[in-house]
1. Assuming residue 104 fulfils every condition listed in (1) farther than 18 Å from residue 186 by Cα; (2) surrounded by 16 or more Cβ atoms within 10 Å (Cβ to Cβ); (3) not hydrophobic (A, V, I, L, M, F, W, C); (4) not assigned by TED's automatic domain parsing to the domain that holds residue 15 apart from one, which condition is it?
2. Please work out which residue is farthest from residue 5 (Cα to Cα), limiting yourself to the stretch 22-63 and to residues that are in a helix (DSSP H, G or I) and of a type in the set (Asp, Glu).
3. Of 148, 86, which residue is farther than 30 Å from residue 54 by Cα and touching a strand residue (DSSP E or B) at 6+ places or on another chain (Cβ under 9 Å)?
4. Select, from 98, 178, the only residue that is out of contact with any helix residue (DSSP H, G or I) (no Cβ under 8 Å at 6 or more places or on another chain) and surrounded by fewer than 17 Cβ atoms within 10 Å (Cβ to Cβ).
5. Checking residue 166 against (1) crowded, with 20+ Cβ neighbours inside 10 Å; (2) more than 16 Å from residue 112 (Cβ to Cβ); (3) of a type outside the set (Phe, Trp, Tyr), only one condition comes out false. Which one?
6. Where residues in the stretch 50-66 are within 16 Å of residue 81 (Cα to Cα) and at pLDDT 95 or above, which of them is surrounded by the most Cβ atoms within 10 Å (Cβ to Cβ)?
7. Could you please let me know if residue 69 is within 23 Å of residue 169 (Cβ to Cβ), surrounded by 13 or more Cβ atoms within 10 Å (Cβ to Cβ) and either hydroxyl-bearing (Ser, Thr, Tyr) or modelled with pLDDT of 95 or more (or both)?
8. Being farther than 25 Å from residue 62 by Cα and aromatic (Phe, Trp, Tyr), is that true of even one residue in the stretch 91-104?
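The values are calculated or read from the model by the stated rules, or taken from the named source; none is laboratory data. In this text, all values refer to a predicted model and were calculated from it rather than measured experimentally. With ideal geometry, Cβ positions are generated from the backbone for all residues, glycine too; neighbour counts draw on all protein chains shown.
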Amino acid sequence: MHFNHNKAIEFWRWFQSIEKQLSENLTNPHLIKKLDSLVSSIGKFEWELGPLDDANRYLAISPILSKELLTATREIIKLAPICIGWQFLPAKPAKKGQLVFEMTNQYGTQITVDASKWEYVLYQYEDYTFGIDITIGDIDCSVDIAYWAADIALTNILGEEEYMEVISDVKIVKTFEQTGKASMFEHLGEHLLSLK
């Protein structure tokens, strides 16, 4: 097991004690700092929180795109208390329409990534997973940062869990081998749904 069970229980006790306060202000610096510290004490996970709709919030404990750690985050979420107005998730959810985002490149410079202009081609494998080739245009960053941007965009459009389960290979390319087969990146979710 890749997490500290006792620290997870401690975290959920703390969360239950502050959930109403956090729900009123999702950017409360004191609570965010404590949340970060307590999640780190459980294991090597990331976390994310935000609104689901006008009445509900979510907290995701992220396995950081690791299938091995997804088993652990699912176990951590099973330990969560019932908190009205909160949904607890074992991976980051899809975020509709969030294809433009800021990130830092290898020089420490803030850059804007606009994945709504990207194109992709899917390749289905025998195990029913997919490879995806993506053209991302000109982004002022290294290859590693470009792949990190692709991970963020794929997580935003599919959700982290589906991304891990469905996409087994990602390649960033300048041009596609077969012309006329590319689709706009923003349609990837619907495209995959149609292939199931």
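1. Answer for residue 104: the failing condition is (2).
2. So in the stretch 22-63, the residues in a helix (DSSP H, G or I) come out as 22-24, 29-42.
Filter once more, so that each one left must be of a type in the set (Asp, Glu): 24, 36.
Numbers: 24: 28, 36: 17 Å.
Restricting to residues being in a helix (DSSP H, G or I) and of a type in the set (Asp, Glu), the top hit is 24.
3. Working: 86 fails: farther than 30 Å from residue 54 by Cα.
So the residue among 148, 86 that is farther than 30 Å from residue 54 by Cα and touching a strand residue (DSSP E or B) at 6+ places or on another chain (Cβ under 9 Å) is 148.
4. Values: 98 fails: out of contact with any helix residue (DSSP H, G or I) (no Cβ under 8 Å at 6 or more places or on another chain).
Checking each option against the conditions leaves just 178.
5. (1)
6. Quick first cut of the stretch 50-66, residues within 16 Å of residue 81 (Cα to Cα) only: 56-61.
Retained after the next criterion (residues that are at pLDDT 95 or above): 57-61.
Values: 57: 18, 58: 16, 59: 21, 60: 23, 61: 26.
Filtering the stretch 50-66 for residues that are within 16 Å of residue 81 (Cα to Cα) and at pLDDT 95 or above, the one surrounded by the most Cβ atoms within 10 Å (Cβ to Cβ) comes out as 61.
7. Values: within 23 Å of residue 169 (Cβ to Cβ): yes; surrounded by 13 or more Cβ atoms within 10 Å (Cβ to Cβ): yes; either hydroxyl-bearing (Ser, Thr, Tyr) or modelled with pLDDT of 95 or more (or both): yes.
For residue 69, the condition - within 23 Å of residue 169 (Cβ to Cβ), surrounded by 13 or more Cβ atoms within 10 Å (Cβ to Cβ) and either hydroxyl-bearing (Ser, Thr, Tyr) or modelled with pLDDT of 95 or more (or both) - is met.
8. Just the residues of the stretch 91-104 that are farther than 25 Å from residue 62 by Cα, to begin with: none.
No, that holds for no residue.
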